[in-house]
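J.: Okay, here's the structure, questions in a sec.
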Amino acid sequence: MNDVLVTALFLLLAPLAGGVLAGADRVVTARMQGRVGPPLGQPFYDVGKLLQKDARQVNPVAEPLLLGHLAFMALSGALVVGGADLLFTVFVFALAALCLVLAAGSVSSPFSHAGAERELIVLLATEPFFILMLAAVCKATGASTYGGVLASPVAVAAALPGVLLAFLFVATIKLRKSPFDVSASHHPHQELVNGLTSDLSGRLIAWVHLAHWYETALLAVFVTLFFNWSVPLGLAAFLAAYALEVLVDNSTSRAKWQLVLRSSWAVTLVFTGGNLLALFLLAR
Amino acid sequence: MSDLVVLLIAFPLAVGALLLVVRDAAARNAVVVAACAVVAVATVAAALSFPNAPAFFGLPGAVPLGALDSAILTAEAGLALFVVVVGLRHRRPLGPAMALAQLGIAAWLELTGRLNEPDPGRLFWFDRLTLVLVLIVGLVGPAICVHALGYMRDYQRSYPRTRGRRTSFFGLLFIFLGAMFGLVTSNDLPLLHVFWEATTLCSFLLIGYTRTEETIGYAFRALEMNLLGGLGFSVAILLLAGQPGGLDLARLTSGPAGSAVLPAVALLALAGLAKSAQMPFSSWLLGAMHAPSPTSALLHSSTMVKAGVFLLLRLAPAMAGSAVGSLVAFVGLLTFLAVSFAAVTERNTKTVLAYSTIASLGLVTGCAGVGVPETVWVGVLIVIFHAVAKSLLFLVVGTLENRLYTKDMEQFDGLLSRMRRLSVLALTGIAGMFIAPFGLVIAKWAAIKAFLDVPGWQGAAFLLVMAFGSSLTIFYWGKLLLKVLSTRAVAAEERTLEARVSRFEWAAETALAAAVVAVAAGVGLISEHVVTPYASAAFHAPPRTMLAIPPLTIGLLLLAVLALPVLALWASRRTDYDLTDFYASGRTASAGHRIGGALGTTRQVTLRNYYLEGIVDGRLVFRAGTLVCGLLLAVLVGQGLVSLA
Amino acid sequence: MSFFARSPWILHYDGSSCNGCDIEVLACLTPLYDVERFGVINTGNPKHADILLVTGSVNERNVEILGNLYRQMPDPKVVVAVGACACSGGIFARAYNVQGGIDQVLPVDVYVPGCAARPESIIDGVVQAIAVLERKREAAA
């Protein structure tokens, strides 16, 4: 029963929290640039407007795939907090990302297609990390669910410092922050014309935003896995990490996709792989 | 039971022999369709009469044992003679040498009387794994044969020199089916070996079907690699001949192998690795992709390669916990990783499917090598899903090839707009392979969960392989999906491409698509009544987890399989969209996927996938994997040879 | 409740111009004017935009582009002509290839005068455009 309640709360509150964080992101970014910036609720106004606008459909499959993206993204978060097997959720998470790739790529327009291909690269760059991260958390605690990890006496962050470091790196890619925003960008006048969302309009963009808020919330939940002795501490750590991402976003220019892939694999292999190896060797 | 099994083996062999002499196309169509119906019905009858417990039986009626032995020896001699003749004619002495060595071993054992008399009541073994394989061979196989009736007609137009060889083609398909039924039901190792080598020969002849210099080279590569495995099999029989009950597969694999039989188990595993195209033997399967698509579907995706993993899964309890098991697991998982890397750099669709086949077989091999009930559970389920989904994909790619005259996936742009039905079928196959149950989600999930319990550095290594391998899998399937799902404004003449696909092809592909959906829907029942009991019986202990898949999950999985094809079907009825309305920097887009260029010209839009050039060198990874796995196998075989000495 | 007033996304297109107005449009985004305070985003993509902000005049070559960009904007949408050239053709009006102000080819809702138009007047034009946007939404609803 408790699981159902937590799942429902997540489904309701996650987009709220994700939206507020996106608003705070824009305010902080503006302040860093010496501007005042939009109100905190700006992302909600944007989505509200997008829902009121007409949607020009460029092909018949994009919108259903975007709804799939939103549904799978919400589902993967709900599965984690609802007590499903952690490792299972990582595949649902990947399916969600794949839906977005297919929605953009099915359009056959140059900008959408480039965005879709690059998002596929992003998926390739980050997926090994998420699989290994959850495997390492399960191995370290011996639990296989979110509740089990929280109840575990093992302090995950202490057992998995390498994985936590790698998480910081990979989160930059997943949050589509510069220098790793290769598949889409919120910065104006960039060469991809927003890549993934180039040919979406009206409510179709709103689905992407909502899904991204769920995704942000899921990343926050992932961080609390590391600070399993105190969820508030985990959320605070996530906020601190997010602030760092905003700073990085504002102070770097976009990297090539090759660098994204290479660096992400290297970080995953060295930090996550090394940490995992230590875990297995010390486990006996 | 016994009658049905003998019928399943003998009937396709007889039909095959008949087809070798039927030259009239209409008569051949009739014979093939009728024979396929008989095989399918007999298969279902055999499955229904399965007594829910492993059954051992011999030939119906009283057959003198000596007659059986000499029949086996005669068959071995016939096969070896054939290899010698073709090998010498093409000046490839390696094959004949290995065939003669196998014949020598068989003859020596027979003539010196060292071969223990097989128990006449235990020639055949029919348990749940046999049931799975029989159903695959007996239901997927006929569908592919029917498809070939349409496919080969078009194929002859593309390759006029093969005209007239269709007689032997269909004959060989049926002979192969008969041999395959024998292979999966045999319990006596020498008997199994005969069928094993028969499938090798059928594969050789079918790969070399076009008889160009290139395909003959690939055919010999397949022959030599598989004969090497077969030689390992022969030596294993030699090693086991002295052991009481050693040649009885069921007894051999009833538990962890003792040090006396472990070298023989290693050599049998070698045969399994060669047949399932694991590294360093992977290159034969890639070469085999030059054969007509039904051959690729029948031999190199759904059935023959399954013989390899079938043997490995059978050996799993014997290998469990031993160095042999670890080596096999490493070979399988390294193959999985290396070919996944190679697949992301490849644009020939059939080759991508081949890599993905080797990768799936690698996962099964890894699961067999780790050798716990959970991994064997995963392995058998992958075998089932892979057989139906991959054969469907090969057939669809074959049909596409005959319509578009290319296997290059970059030419499949706008497939959903150009060929709606084929797109829906392809999406069903891809969903079955990769999105739903046993391609991506549950198989890898269950494998990762099982690997968490592997102690020491091996566990970490396995997990790293799984993490990177499955991400690469997402990448190359994602690229293919992008092509199949892509839409564009097409010219009118492009819409008529689908009209000329023959009804044989539609029938076979639709049947297999239905099978994909049925298997996904029935996964809970299959797991509960077939795979879990098998894994429990093989290890005398039930799998700890994953025993029952909750109905909700099954519903979700079924939804996931159906979502994409249904979406594509539904989309074709929508009209509220404009395919030319994409953003082209303000330029005007028009039908045929063209946009305005400078000075009044229009330009064709071409969209290309990423192949990770400069990041991943597919050939290099493939060679490295081949080298490493080759060294691992050298260790594996070394053990066997040392004990022989 | 309408969100258009709080989230006007702009597509800026430059026809035949001296780029003076374009610099002023970009000046609106700088810390001094910071139009993001009002939720304005400079999108660069017609499919995301609510307001088409055109500087410069229409000529024989860009008329197709301008028409396509306008067509690809989802409803409701408004057009703002910024500066003398966009309003009337300006000093380019009699050039051989110039058709005139953008109202020759598109239904302009708001005219912003000036050569170059000042950021204050551009912002004022956008505010008026939002009111038009709101009326169009109500008319459609």
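J.: Please work out the FRET efficiency for the pair A:Leu282 and A:Leu13, using the Cβ-Cβ distance as r and a Förster radius of 41 Å; give the result to the nearest 0.05.
T.: Here the calculated transfer efficiency is 0.60.
J.: Give me the distance in nm between label points sitting 7 Å out from Cα along the Cα-to-Cβ direction at B:Arg619 and B:Gln411, one decimal.
T.: 2.2
J.: Assign one of three labels to region A:16-157, namely rounded, prolate or oblate, based on the Cα gyration tensor with a ≥ b ≥ c the square roots of its eigenvalues; rounded applies when a/c is under 1.5, prolate when it is not and a/b is larger than b/c, and oblate otherwise.
T.: oblate
J.: How crowded by other chains is B:443-449, given as the mean number of beta carbons from other chains within 10 Å of each beta carbon?
T.: Taking all residues of B:443-449 together, the mean is 4.
J.: What do you get for the angle between helix B:141-158 and the principal long axis of chain B? Use alpha-carbon atoms, 0 to 90 degrees, nearest ten.
T.: 60
J.: Now a separate question. Within region C:118-141, which residues have the backbone N less than 18 Å from the label spot 7 Å out from C:Ser2 along Cα→beta-carbon, could you tell me?
T.: C:124-141
J.: Would you please give the FRET efficiency between C:Gln104 and C:Ala27, computed as 1/(1 + (r/R0)^6) with r the Cβ-Cβ distance and R0 = 30 Å, to the nearest 0.05?
T.: The value I calculate is 0.65.
J.: Given a Förster distance of 60 angstrom, what is the FRET efficiency for B:His90 paired with B:Ala491, based on the Cβ-Cβ distance and rounded to 0.05?
T.: Efficiency, from the Cβ-Cβ distance: 0.80.
J.: Same structure again: Could you list the trypsin sites (Lys or Arg not before Pro) in region B:24-102 that lie in coil according to DSSP, counting only those with at most 11 other Cβ atoms within 10 Å of their Cβ?
T.: Those satisfying the criteria are B:Arg91.
J.: Taking the Cα centroid of region B:81-109 and of region A:75-100, what is the distance between the two, rounded to the nearest whole Å?
T.: After rounding, the separation between the Cα centres reads 55 Å.
J.: Sticking with this structure for a sec: What is the mean number of Cβ atoms from other protein chains located within 10 Å of the Cβ atom of each residue in peptide B:451-460, rounded to a whole number?
T.: If you average over the peptide's residues, the count of other-chain Cβ atoms is 5.
J.: Can I ask one more? Using only Cα atoms and rounding to the nearest 10 degrees, what angle (0 to 90) does helix A:62-81 make with the longest principal axis of chain A?
T.: Helix A:62-81 sits roughly 20 degrees off the main axis of chain A.
J.: Can you work out the Karplus-derived ³J(HN,Hα) for every residue in region B:2-9? Use 6.51 cos²θ - 1.76 cosθ + 1.60 with θ = phi - 60°, whole Hz, and x for glycine or proline.
T.: Those phi angles translate into 4, 4, 4, 5, 5, 4, 4, 7 Hz.
J.: Rounded, prolate or oblate: which fits region C:48-105, taking a ≥ b ≥ c as square roots of the Cα gyration tensor eigenvalues, rounded meaning a/c under 1.5, else prolate when a/b beats b/c?
T.: Judged from the Cα gyration tensor, region C:48-105 comes out oblate (a/c at least 1.5, b/c at or above a/b).
J.: Whole angstrom only: what separates the Cα centroid of region A:12-62 from the Cα centroid of region A:220-248?
T.: 22
J.: Also: In terms of the Cα gyration tensor, with a ≥ b ≥ c the square roots of its eigenvalues, is region B:8-83 rounded because a/c is under 1.5, prolate because a/b exceeds b/c, or oblate?
T.: Since a/c reaches 1.5 but b/c is at least a/b, the shape of region B:8-83 is classed as oblate.
J.: GNM on chain A, C-alpha springs below 10 Å: top fluctuator among A:Leu196, A:Leu40, A:Leu98?
T.: A:Leu40
J.: What does the charge count near B:Trp445 come to, summing +1 for each Lys or Arg and -1 for each Asp or Glu among other residues with Cβ under 13 Å from its Cβ?
T.: Every neighbour counted, the sum reads 0.
J.: So for the pair C:Tyr96, B:Val63, with labels modelled 7 Å out along Cα→Cβ, what separation do we get in nm?
T.: Placing both labels 7 Å along Cα→Cβ, they lie 9.6 nm apart.
J.: Could you please report the charge total around A:Ala78, scoring K, R as +1 and D, E as -1 over all other residues with beta-carbon less than 15 angstrom from its beta-carbon?
T.: Overall, the nearby charge balance is -3.
J.: B:Asp576 to B:Ala71: extension gain in nm, 0.36 nm per residue of separation minus the Cα-Cα distance?
T.: Roughly 174.9 nm would be gained on extension.
J.: Residue by residue through B:597-609, how many Cβ atoms from other chains fall within 10 Å of the Cβ on average?
T.: 2
J.: To continue, here is another question. Tell me what the protein assembly as shown gives for mean residue ellipticity at 222 nm when only DSSP H runs of n ≥ 4 count, each as -39,500 (n - 2.57), the sum divided by the residue total, rounded to 500 deg cm²/dmol.
T.: Roughly -21000 deg cm²/dmol at 222 nm, from the helical runs in the protein assembly as shown.
J.: With labels modelled as points extended 7 Å from the Cα through the Cβ direction, what inter-label distance (nm, one decimal) is found for B:Leu81 paired with B:Asp119?
T.: 3.5
J.: Residues in region A:151-176 near a label at A:Leu233, defined as backbone nitrogen under 12 Å from the 7 Å Cα→Cβ point?
T.: A:154-159
J.: OK, next. Where Lys and Arg each count +1 and Asp and Glu each count -1, what net charge lies around B:Val616 among other residues with Cβ under 12 Å from its Cβ?
T.: -1
J.: Find the centroid of the Cα atoms in region B:568-633 and in region C:1-77, then give the distance between the two in whole Å.
T.: 31
Computed from the coordinates by the stated procedures, all read-outs in this text should not be read as laboratory data. Predicted model, so just to flag it, every value in this text is computed and none were measured. When we count neighbours, we look across all protein chains shown, and the Cβ atoms used for this are built from the backbone with ideal geometry, even at glycine.
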